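Remarks on the structure that follows.
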Amino acid sequence: MQVIWSPYSQVLKTYQHILALAFSVSEVNRDPVLLPNTTLGFRIYGDNSDAKRTYESSLSLLSTRGDVAFSFLQLGYGSFSPVEREMLPSFFRIDPNEVSQYVGLVQLLLHFRWNWIGLITSDDDTGENFIRTLMPMLTKNDICVSSVEMINERLMKRLATDLFKKSLIKWQSKAMIISVDYKEAAVLIHKLHFLRRDFRPSRVRVWIATARWDFAALGAQKHWKELEFFHGALSFRVHTSDVQGFNKFLLALNPARPEGDVFLRNWWQMAFNCWFPIAGQTSRKRNCTGKEKLEDLPPSVFETRMTGHSYAMYNAIYSVAHALHAMYSLRPTRAKPLPSFVLQILSFLRNIRFNNSVGDEVSFTDNSVVGSSGYDLLNWIYFRNESTALVKVGRMDPGAPRGKDFIINPDTITPPSASCAKICSPGQRRKIPEGKPVCCNVCIPSLALFLSLITSLILAIFIKNKDTPIVRANNHNLTYILLVSLLLCFLCSFLFIGQPKKVTCLLRQIAFGITFSVAISSILAKTITVVLAFMATKPGNVARKLLKTQLASTIVLVCSLIQAVICAIWLATSPPFPNLDFYSMAVEVVVECNEGSVTMFYSVLSYMGFLALISFMVAFLARKLPDSFNEAKFITFSMMVFCSVWVSFVPTYLSTKGKFMVAVEIFSILASGAGLLGCIFLPKCYIILLRPNLNSREHLIRKKYQGA
């Protein structure tokens, strides 16, 4: 037993484990069917938090009449490394494997989107095993750890409060997972209590305690006011069931008649803050009457309901009893067990399976008892009257079907944010700052939406100023078509984002090809219109007749229809489809859109390149035509940008694999579209908005007169 240890006036509620042991043994002995004519007994050794006494107790336990027992059967709880399990084949765990608890921890973090956490554990082998087991699980689920603190009870006690305060400030995360032993827990609680004025408990961070903390010390404070700092904390506890008769057994305890329980009077004094008078001694505390009621104690000191670890001990005692019963049943004539008693009972213990008094099935799997299935998730509530309450808000059951193994009631919890990842608003995208972990991000405007907004704004400006010379001089209908097609080009980049579906795979390349073809066709039509307008100044030129026709609209329609026919052939012969790529990434499977026919994909690009090349050549030849609002030179620059982007795209696209191919294509779409938008329209917007004096008929006539 861990005896009462009081550096900060503690009362260990693990005393219930001893009572559960006594209750279980008495229940077995009263059972007429289980182990008839056999009486079980027990002996308790205390460590007194002293190494010397611990060694002495261990040797006394292993020694009987001068002989040392070999391969002693052990049943215990707590965290044990794989090496210890190999060294102790006769050791059996009576509590659930902590790995299932860590799975519950991760699911809890994912449920509340806490991906920026801190870890506090003891500076020993158990703490190292905790970090070694949990860290890969956190990394796998993209949960970042801001800090890992391995604390030592002796160093913590000597650490000044100011230095501890500085350490606390360094704990950047608002979600701290604690897995420490009772000594470290007591010191940590005590230190945090002194800092309650500097850090408002419920608004600073949420504390998540493992079952190890619950078993060791959380709630074990006699001065439970120190638990104010942990208001709102969450803790895991080994799942328990109500065992009939246990509550009655506890309430019948009487320190006046301890019946061999040497711990009862001492525990009673500390729990009720009183003392039993001793001749010749005095105390400032009130006298114990023995009539104090256990049900009046807060759960932070003692619980009259069987705790998870006590329930595990109850199942362990019955497991040993059933194993002995099975072993003795095979040898009814033997008065004493064989010399290989331990080896025999180990064999029976590994194969026992029974239903306890509650109805739960109990068995051993991999030297671990299966009876208290999983963990309960509790919420710590601290009241102004300095009392605490534990509210069950969830359950982790590793034996339940997938999807139902972790259940939580979010309505009973108001969780704080424990993430350095900001939730971006519509129109923003996540960006990870340099030097920050992947869990942290800032929100910046999405380039695609930003360009779409700019395009819409320019379109609105041109519509509002449609009667001004600069808009009328460049065929405002073609301008509207070009701006709308550029807007659709920017928006079609969103079809490349997200998990590929059948519909998005079919639409994204088709939408990209047709919208860009409309845009380039509009530019080609505008360029040809500029050339024809200059040629029409000569008398009797055919260009004058062509300008009177719908030549520009015909060019846009025909050029766009050719691209549409190419896309239709693509969809009819070998359409794109979702595909799983197992080879691009070493440890990941990439869901991507297979283009179906690579030939048709490059046919779409080639036709766009052909239109761009024709537009560039015509615009280059018309760049020096004498026109006040001649945009051929701007079209020349825009086509140079467009062609440069897509010429660079082809080798880059061929040299990338997996999800990076999508990123390359999105960049090319946005870059080429931005080039067209900036080179053609920004100079005009500059004149319309900032130099309106240049956008007038008088200026146009004056410039022509000066040119003449």
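Structure notes:
- Of all residues making up region 256-284, the number that are assigned to a loop (DSSP other than H, G, I, E, B), surrounded by 13 or more Cβ atoms within 10 Å (Cβ to Cβ) and free of Cβ contacts under 8 Å to residues at least 24 places away in the same chain: 2
- Residue within region 593-601 that is among the aromatic types (Phe, Trp, Tyr) and over 16 Å from residue 508 (Cβ atoms) present: no
- Matching residues in region 106-153 - criterion: being part of a strand (DSSP E or B) and closer than 23 Å to residue 398 by Cβ: 117, 119, 121
- Test: residue in region 632-654 that is hydrophobic (A, V, I, L, M, F, W, C), over 24 Å from residue 482 (Cα atoms) and at pLDDT below 75: no
- Flag: residue 605 does not match the condition of being at pLDDT 90 or above and buried (at least 20 other Cβ atoms within 10 Å of the Cβ).
- Where residue 580 falls short, out of the listed (1) at pLDDT below 85; (2) surrounded by fewer than 14 Cβ atoms within 10 Å (Cβ to Cβ); (3) under 24 Å from residue 473 (Cβ atoms): (3)
- Flag if residue 448 is over 20 Å from the mean Cα position of the chain (by Cα), over 30 Å from residue 297 (Cβ atoms) and modelled with pLDDT of 65 or more: yes
- The residue that is farthest from residue 468 (Cα to Cα), among those in region 653-691 that are among the hydroxyl-bearing types (Ser, Thr, Tyr) and surrounded by 16 or more Cβ atoms within 10 Å (Cβ to Cβ), is 653.
- Inter-residue pairs, beta-carbon under 7 Å, first assigned by TED's automatic domain parsing to the domain that holds residue 504 and assigned to a helix (DSSP H, G or I) and in region 653-669, second β-branched (Val, Ile, Thr) and surrounded by 14 or more Cβ atoms within 10 Å (Cβ to Cβ), 6+ apart: 653/664; 659/590; 664/652; 664/656; 668/645
- Here the condition is being assigned by TED's automatic domain parsing to the domain that holds residue 213, at pLDDT 70 or above and within 18 Å of the chain's Cα centre (by Cα); of 381, 408, it holds for 408 alone.
- Qualifying residue in region 501-516 (condition: over 48 Å from the mean Cα position of the chain (by Cα) and part of a helix (DSSP H, G or I)): no
- Test: residue in region 17-35 that is at pLDDT 70 or above and assigned to a strand (DSSP E or B): no
- Leading residue by the ranking (farthest from the chain's Cα centre (by Cα)) among those in region 472-500 that are in a helix (DSSP H, G or I) and among the polar types (S, T, N, Q): 477
- Conditions (1) closer than 19 Å to residue 552 by Cβ; (2) at pLDDT 90 or above; (3) surrounded by fewer than 18 Cβ atoms within 10 Å (Cβ to Cβ); number of the one not met by residue 611: (3)
- Residue 560 modelled with pLDDT of 90 or more and either surrounded by 15 or more Cβ atoms within 10 Å (Cβ to Cβ) or over 44 Å from the mean Cα position of the chain (by Cα) (or both): yes
The values are calculated or read from the model by the stated rules, or taken from the named source; none is laboratory data. Values in this document were obtained by computation on a predicted structure and should not be read as measured data. For neighbour counting, all protein chains shown are included, and Cβ atoms are generated from backbone atoms with ideal geometry for every residue, glycine included.
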